[in-house]
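Below is one structure; the comments refer to it alone.
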Amino acid sequence: MIYRLQRMLLILFYTLTMVGLSIPLGMGISALFPNHLYPLLIAMVLYLVLVVVLGSLIHTISYIPYNLARAFDPVKNDIASGRINGVEELGKRITAFTREFYDFAFLDVDHAFLYTGETGLLSDEDLSDAFEAMESFGMDNVSQALHGATYAGKVEYHNHSFHLVIVPIRFGGNWLGYMGILSRKKIGRLYLHFLDEFEDYFLDDQLMYLMNK
């Protein structure tokens, strides 16, 4: 409840600030170009684009931390209750969860897959083309040398080009596998940090628990 109130106040403050700044901006443009409407319209359109982009950024940054924990809770409950009792089941559930939750303007996951030495590549979708690419790249070995979510280039899947991000999964320094993310939009460094936190606070311990059952 407190988080929701804080987030609402943040969005309200941002909206009022942007509206307030638009007034002196409009007055300044009008003073520079008196009796000319086009410069004012162009400036306002560009300002509106900036407001929308920054607003989307704030929305994503403020939404993910709290709502990720709430959204992931059913997965943790199913592991604790035994509904998910193996790594293969977890892999399919996690990849579906990742694709459904990360649906933001700057962090939009179109497809996801999980690799462990025990199970190989897993996904809730048929990603055979992507799996072949991962095997040809030797991504299981490559991922062991990575530290944190890393942009790995482009891969072709179903005649479309996707940006590939590899998230190595470690627990206590031990490499457990990796998660692969395919996105039509390139994911920036700031948002790679959110994927690292997902691995660190939600994924690695659940995977280790099921691997040791």
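The values are calculated or read from the model by the stated rules, or taken from the named source; none is laboratory data. Note that the structure is predicted; figures quoted are calculated from it, not measured. Counting neighbours? That spans all protein chains shown, and the Cβs are built from the backbone with ideal geometry, glycine included.
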**Message:** Among the numbered criteria (1) among the small types (Gly, Ala, Ser); (2) free of Cβ contacts under 8 Å to residues at least 24 places away in the same chain; (3) touching a Leu at 6+ places or on another chain (Cβ under 9 Å), which one does Gly28 miss?
**Reply:** (3)
**Request:** Considering every residue within segment 140-149, establish whether at least one is part of a helix (DSSP H, G or I) and acidic (Asp, Glu).
**Result:** yes
**Prompt:** Among the residues of segment 136-158, which ones are among the aliphatic types (A, V, I, L, M), closer than 18 Å to Tyr191 by Cα and modelled with pLDDT under 95?
**Reply:** Leu146, Ala152
**Asked** Being farther than 23 Å from Asp205 by Cα and surrounded by 15 or more Cβ atoms within 10 Å (Cβ to Cβ), is that true of even one residue in segment 85-106?
**Response** yes
**Request:** Any residue in segment 113-126 that's in the same structural domain as Leu90 (by TED's automatic domain parsing) and without any contact (Cβ under 8 Å) to a residue 60 or more places away in the chain: show its pairings with residues that are of a type in the set (S, T, N, Q) and not in a strand (DSSP E or B) at Cβ separation under 9 Å, as long as the two are six or more apart or on different chains.
**Result:** Leu122/Thr95; Ser123/Thr95; Asp124/Thr95; Glu125/Thr95
**Prompt:** Any chance segment 173-184 includes a residue that's within 19 Å of Glu125 (Cβ to Cβ), of a type in the set (D, E, K, R) and in contact (Cβ under 8 Å) with a residue 40 or more places away in the chain?
**Reply:** yes
**Request:** Filter segment 34-84 down to the residues that are more than 30 Å from His111 (Cβ to Cβ) and among the β-branched types (Val, Ile, Thr), then identify the one that is surrounded by the fewest Cβ atoms within 10 Å (Cβ to Cβ).
**Result:** Val45
**Request:** Would you be able to tell me the number of residues in segment 80-130 that are of a type outside the set (Val, Ile, Thr) and assigned to a loop (DSSP other than H, G, I, E, B)?
**Result:** 17
**Complete:** Only one of (1) of a type outside the set (Val, Ile, Thr); (2) modelled with pLDDT under 90; (3) not in a helix (DSSP H, G or I) does not apply to Ala133, and that is (3)
**Request:** Quick one: in segment 13-31, of everything that is over 13 Å from Val52 (Cα atoms), surrounded by fewer than 12 Cβ atoms within 10 Å (Cβ to Cβ) and of a type in the set (A, V, I, L, M), which residue is nearest to the chain's Cα centre (by Cα)?
**Result:** Leu16
**Message:** Contact list please: Cβ distance under 8 Å, first residue in segment 146-171 and of a type in the set (D, E, K, R), second residue part of a strand (DSSP E or B), pairs at least six apart or on different chains.
**Reply:** Lys154/Ser161; Lys154/Phe162; Lys154/His163; Lys154/Leu164; Glu156/Phe162; Arg170/Leu176
